[in-house]
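Undergrad: Quick one: the structure is below, and I'll ask about it shortly.
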Amino acid sequence: MVARGRTTEPTRLVSRCQTCVSLRVGMGETAVPFLLGALSGVLGGLMGVGGGIILVPLLVHVLHRGQHEAQGISLAFIVATSIVAATAYFGQARVDVPLACWLMLGAVPGVILGSRIAALTPAGRLRPIGDVLWLVDRAAAGRWY
């Protein structure tokens, strides 16, 4: 996207993504994201969480990414990890497919609306909402396990 001869945010992100596949990326630039991804993946597989609840705060506070960028990275991360984890649970006959389909049908309009609202909301307002949801999730996990 170009606005008045200047490159805007999406192009910068594509450039950054192309850099991460380069062999010239240093170990310090890849080790921490790799470890955060591994941690989120383990937690996702163990508890069915990881993307938004675990990864977004880590991206914001540890890797110092912007709130909107962290949410986008998290959503892309969830695609791969969800498919792998769901396949494992499906193989163990622990997926109620009709229920999952109804949940997905409801989620699609919800995620379209939510992502549009998030795009229009300043990061300073999104971050506290995410922090509260993280605390609620941790409190609920404490009661369930």
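Undergrad: Where does the charge balance sit around Ala86 when Lys and Arg score +1, Asp and Glu -1, over other residues with C-beta under 13 Å from its C-beta?
TA: Summing Lys and Arg as +1 and Asp and Glu as -1 gives 0.
Undergrad: Spin-label point model (7 Å from Cα, Cβ direction): what's the Asp96 to Ala38 distance in nm?
TA: 3.6 nm
All of the numbers you see were taken from the coordinates with simple rules; none came from a lab. These numbers come from a predicted model, not from an experiment. Note that each Cβ is placed from the backbone with ideal geometry, even for glycine, and that neighbours are counted across all protein chains shown.
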